[in-house]
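The structure appears below as structure tokens.
The values are calculated or read from the model by the stated rules, or taken from the named source; none is laboratory data. Fair warning: this is a prediction, and the values are worked out from it, not measured in the lab. As a convention, Cβ positions derive from the backbone with ideal geometry for all residues, glycine included, and neighbour counts pool all protein chains shown. Please note that ligands, DNA and RNA were not included when accessible areas were found on the heavy atoms of the full protein model with its side chains. Shrake-Rupley method; radii C 1.70, N 1.55, O 1.52, S 1.80 Å.
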Amino acid sequence: MRRAGILPTLLLLAGFALLYLPIVALVVYSFNDGRLVSVWSGWSLRWYRALWDNRQMLDSAAVTLKAGFVSATLALVAGTLAAIVLARAGRFAGRSGFAGLVYLPLVMPEIVLGLSLLLLFVELDLDRGFATLVLGHAGFSAAFVAVVVHSRLVAVDRSIEEAAMDLGAPPLKTFLWITAPMIAPSMVAAWLLAFTLSLDDLVIASFVTGPGATTLPMRVYSQVRLGVTPEINAISTLFVAAVALVILTASLVNKGLIPGRSNGDSA
Amino acid sequence: MTGRARTVTILLAFAWLAALVLAPFLVVAKISLAEVVIGRPPFTALLEWGEGAMPPALRVNWGNYALLFGDALYLEAYLGSLRLAAIATAVALAIAVPLAHAMTRAPARWRPALLVLAILPFWTSSLIRVYAWIGILGADGPLNRILQWLGIIDAPLAILNTDIGIVSGLVYSYLPFALLPVYASLVRIDPALGEAAADLGCRPLKSFFRITLPLALPGILAAGLLVFIPAVGEFVVPDLMGGSDTLMIGKTLWTEFFTNRDWPLASAATVLLVLLLVSPVVVLERRLFLRGEGRA
Amino acid sequence: MTFLSLRNVAKSFGGVTAVDGVSLDIERGEIFALLGPSGCGKTTLLRLVAGFEQPDAGAIRLDGQDIAPLPPYRRPVNMMFQSYALFPHMTVAGNIAFGLKQDRLPAGEIGARVAEVLKLVRLEGLEARKPHQLSGGQRQRVALARALAKRPKLVLLDEPLAALDRKLREETQFELLAIHRRLSLTFVIVTHDQEEAMTLAQRMAVMDRGRVAQVGAPRDVYEHPASRFVAGFIGTANLFEGTVAGQDNGLVRVQSPAAGCAVAVRHAGTLSAGTAACVAVRPEKLRLGDAGCDNGFAATVEEVAFRGEATLCRARLATGHALTLSLPNRARAGGDAPRAGAAVRIGFAADDAVLLTS
């Protein structure tokens, strides 16, 4: 194999330093004992303790996790359906309009999505709260699910599904027994993506949620507006750790846990 | 997929999209033609169901659009968003293309790890990343301290609350969005093409511009859109990093909606923003998104 | 009675005609081959029978029953796919049992049947393997076993041997014949490989651009091609284009500018003089030396290629027309073939050539 040259190596180092140094600094300063974020005054867990005593933060964390779980599950179902239609239904009237609707949330700024979803809920006279939060998040993350699942689905040899039908399995059974196991890694990845999208989202949540369902990013945002505080560093560190854990799990699932994909040979 | 199963699947998926994607946009379009009133909801109805009047009177108010085009504030906000997003996109691509190229050139055993490193920020909260970036750029943040320690500057640079601050924040937020598609399109290029170019007497730098870059252009364009579109409508970065005089449409919309509670005007501004963003996508749509889809 | 009957079946995809009014009758218990170049519609025809495509027009009847309205999972037909389409997440046994499970057979019965077909394709002991742990030849057998396990009325095989290397392909052809004889099922095989079709099939249909060009036993199709397309697609043919000059005693004389003279050919029908016609001769029917032949030409040998069982020889007539000869290598010492540059006489009997008008 080629050896890395000096210039590419420097580029890589500089590029990834740019991406990661701010986060590393944030993590380190979350263990800082002092109140000033820029002055180091020794290791301490005091900001994590402060976080633990902050009931509001903990409640919001619970709301955020629950909303992420439910909305990711809804988005997985809806997004997978859309991906199946795009990859398997062939031509039908309005197909390009359908594809446009599937991908639209990907190319719309969050503020547009949030505002339009809110106005819809107002128009339907739905009380804003946990339910609207979940619907709003599922609505936009389903688009990401569709992209991830679709890209795997088009790579699956269609004749495998045909073989199942040829051997007597009706369409739904074919999907559950044959297609779903083959695209399972992408469905796991898509669910995780939808989950983290929901966890991260500030803008859409600010529009569609209501009293009693304030999410963690909304709390963090209102604190950040007041200035940089070590407590935010602590909660951000927990966030980053959680995401890293999720990513690690996902890559393990993709690599080791799905039999036949571990050694990278093509079946 | 054939027959009833196919029809049911299409209808289910379409019902979902109609309810959560199409309907919200239609509602926005409708409310953009209403008038603001104090009440719940804070706008007038499009159809007036008067005293048994049939058909109901249609009340269309183009005033919001007139206001958008007439008010310098909005025009500046749109133009400012486009300008800052364009600059941020150019900078992000200028970083992403060489970086992604270096990733494809890295030894094969490093590449999975590099890819994970490139993907990881994509999954991390953008709010937290903006917050971390603010920490770096602050007057007493590490950047200014290092520069001062090196003696390059005497007084801290004021980066936050300026346009430069916003651009840097946008670049930092959306760099992963640019990196992945560029990497994906570069890694698909057969290395034999570069070898063939070298074999025919082309120097590496020239072969990068003559062979690699043209082949990666669709991916680079996609990356550009993935940065540009959310950057135009970005709210968090201008809100937290911009100055009081910075105008970006995302922030203006937010203020109009939450502070002024002028929902019809905010809706009209949204409709314009959507038109502004959808038109380039429609032009590039076939090349970027519909390629490689299951044939009919 | 006809077992599988296709009547005027047509199918097009977005304006492109894939199958253009095909009628075929396939008998119970035979191996029938659909042969043709890629894009001739043979695979589409197979997919119409399997139920993956719906015909735009025409009728498909199996054993007297109209199967066109049935979805693939209700047809008593099983298919072996060109890509094998094995379920990657299931074992060999799981793949083979899949179809039996759809019929809700009792577990004991399923086990017995899986064992039976595994024995048939000689894969005993591999039931617990996953497809990616098998060689190409083994995967091919699993695909075959899976298609046979349900004991379908009709087995469809789409390029069943195309992915195997040459040696394995030849062995597998004979195995396929043996399996067919033991089970006495009806096989329809799609292939682009004429040798494969001729080895396996009792009858075959040669297809061209969505239509059936000729149906018949391999020998009939080879020795009596019905058209220039069939003559050129099955084997190699030397063609003399020309016009009918006269006819007597069952011999037709075709005046051919390519030959530079009239060519005599045996033909049963009557043709009026002046009709455009073509005389086709197989390379192995051409002889060196024209003693006792109805037709004879002077030619110069241009290229000689040793092929093992025969030597291929390319010779050019004075008219500029090139002929291909296949000369059997009877003697080990050689000497049957001429050298390049040699001036030779080439001849063939009127009985060994075919007259083509389409």
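Things to note:
- About its Cα centre, the dipole of the range C:4-230 is roughly 560 debye, where the only charges are +1 on Lys and Arg Cβ and -1 on Asp and Glu Cβ.
- Calculated on alpha-carbon atoms, Rg and Dmax of the range A:194-241 in Å: 11.2, 30
- Positive dipole terminus of the protein assembly as shown, leading residue within A:Ser159, A:Phe140, C:Pro131 (C-beta point charges): C:Pro131
- Over the range A:54-257: Rg over Rh, Cα atoms, Kirkwood Rh: 1.03
- For C:Lys285, no lysines have a Cα falling under 17 Å of its own Cα, not counting residues fewer than eight places away in the same chain.
- C:Arg209/C:Glu170 FRET efficiency (R0 30 Å; Cβ-Cβ; nearest 0.05): 0.50
- When C and A come together, around 2200 square angstrom of accessible surface is lost from both chains combined, probe 1.4 Å.
- Long-range Cα-Cα pairs in the range C:163-269 (distance over 16 Å), rounded percent: 68 percent
- A Gaussian network model of chain C, with springs between Cα atoms under 10 Å, assigns the largest mean-square fluctuation among C:Asn238, C:Asn78, C:Asn329 to C:Asn329.
- Vicinal HN-Hα couplings computed from phi for the range B:138-153 (Karplus, 6.51 cos²θ - 1.76 cosθ + 1.60; Hz; Gly/Pro x): x, 4, 10, x, x, 4, 5, 5, 5, 4, 5, 4, 6, x, 6, 10
- Database remark: amide H of C:Ala310 closer than 5 angstrom to the amide H of C:Asn329 (H placed geometrically; neighbours at sequence offset of 5 or more, or on other chains; Pro and chain starts carry no H).
- The range C:30-146: radius of gyration and largest Cα-Cα distance (Dmax), Å: 16.1, 47
- At least 15 Å along the helix axis (C-alpha) and Kyte average at least -0.5, DSSP helices within chain C: C:92-102, C:107-120, C:136-149
- Entry comment: accessible area of the protein assembly as shown is 45 Å² per residue, from protein heavy atoms only and a probe of 1.4 Å.
- Computed about its Cα centre, the charge dipole of the range A:54-257 is approximately 220 debye, with only Lys, Arg, Asp and Glu carrying charge at their Cβ.
- Translational diffusion coefficient (Stokes-Einstein; Kirkwood radius from C-alpha pairs) of chain B at 25 °C, 0.890 mPa s, in µm²/s: 107 µm²/s
- Longest exposed-site-free window of chain B, the sites being trypsin sites (Lys or Arg not before Pro) in a DSSP loop that have at most 14 other C-beta atoms within 10 Å: B:110-187
- Over the C-alpha trace of the range C:236-356, radius of gyration and Dmax come out as 14.7, 49 angstrom.
- Only protein heavy atoms count here, probed at 1.4 Å, and on that basis chains B and A bury about 7800 Å² of accessible area in total.
- Highest GNM mean-square fluctuation among A:Phe195, A:Phe92, A:Phe121, for chain A modelled with Cα contacts below 10 Å: A:Phe92.
- Filtered GluC sites (Glu not before Pro), the range C:74-157: DSSP coil and at most 12 other beta carbons within 10 Å: C:Glu124
- Expressed as a whole percent, the accessible surface of the range C:4-230 that belongs to carbon and sulfur atoms is 48, based on a 1.4 Å probe.
- Members of the range B:260-275 that become less accessible by 30 Å² or more once partner protein chains are added (1.4 angstrom probe, chain alone as reference): B:Trp263, B:Thr270
- Solvent-accessible area, 1.4 Å probe, carbon plus sulfur percent, for chain A: 68 percent
- Summary of the geometry: the range B:81-137 and the range C:210-235, compared by the centres of their Cα atoms, lie 63 Å apart.
- Among B:Ala231, B:Phe122, B:Ala197 the positive-end extreme of the charge dipole of the range B:88-246 (Cβ point charges): B:Ala197
- Each pair of Cα atoms in chain C enters the Kirkwood radius, and Stokes-Einstein at 37 °C and 0.692 mPa s then converts it into a translational diffusion coefficient of 143 µm²/s.
- The charge dipole of the range B:88-246, taken about its Cα centre with unit charges on the Cβ of Lys, Arg, Asp and Glu (plus for the first two, minus for the last two), comes to roughly 660 debye.
- Scattering curve values for the protein assembly as shown, log₁₀ I(q)/I(0), Debye with Cα scatterers, q = 0.07, 0.08, 0.10 Å⁻¹: -0.78, -0.92, -1.18
- In sequence order, calculated HN-Hα J values of the range C:318-328 (Karplus, 6.51, -1.76, 1.60; Hz; x Gly/Pro): 4, 6, x, 6, 9, 10, 10, 10, 10, 10, x
- Degrees between helix A:130-153 axis and first principal axis of chain A (Cα, 0 to 90, nearest 10): 50 degrees
- R0 of 30 Å, Cβ-Cβ distance B:Ile146-A:Ser251: FRET efficiency to nearest 0.05: 0.30
- Over the range B:88-246, the Kirkwood radius and the radius of gyration, each from Cα atoms, give a ratio Rg/Rh of 1.06.
- Computed FRET value (nearest 0.05) for C:Glu309 with C:Asp220, which takes r as the C-beta separation and R₀ as 30 Å: 0.80
- Length-normalised contact order of chain B in % [C-alpha pairs under 8 Å, at least 6 apart]: 26 percent
- The accessible-area loss of the range A:105-139 on complex formation, taken against its chain alone with a 1.4 Å probe, reaches 50 Å² or more at A:Val107, A:Met108, A:Pro109, A:Ile111, A:Val112, A:Leu115, A:Ser116, A:Leu119, A:Leu120, A:Glu123.
- Portion, in percent, of the accessible area of the range B:88-246 that falls on carbon or sulfur, probe 1.4 Å: 68 percent
- Long pairs among A:Lys173/C:Lys119; C:Lys11/C:Lys42; C:Lys101/C:Lys130, criterion Cα-Cα beyond 21 Å: A:Lys173/C:Lys119
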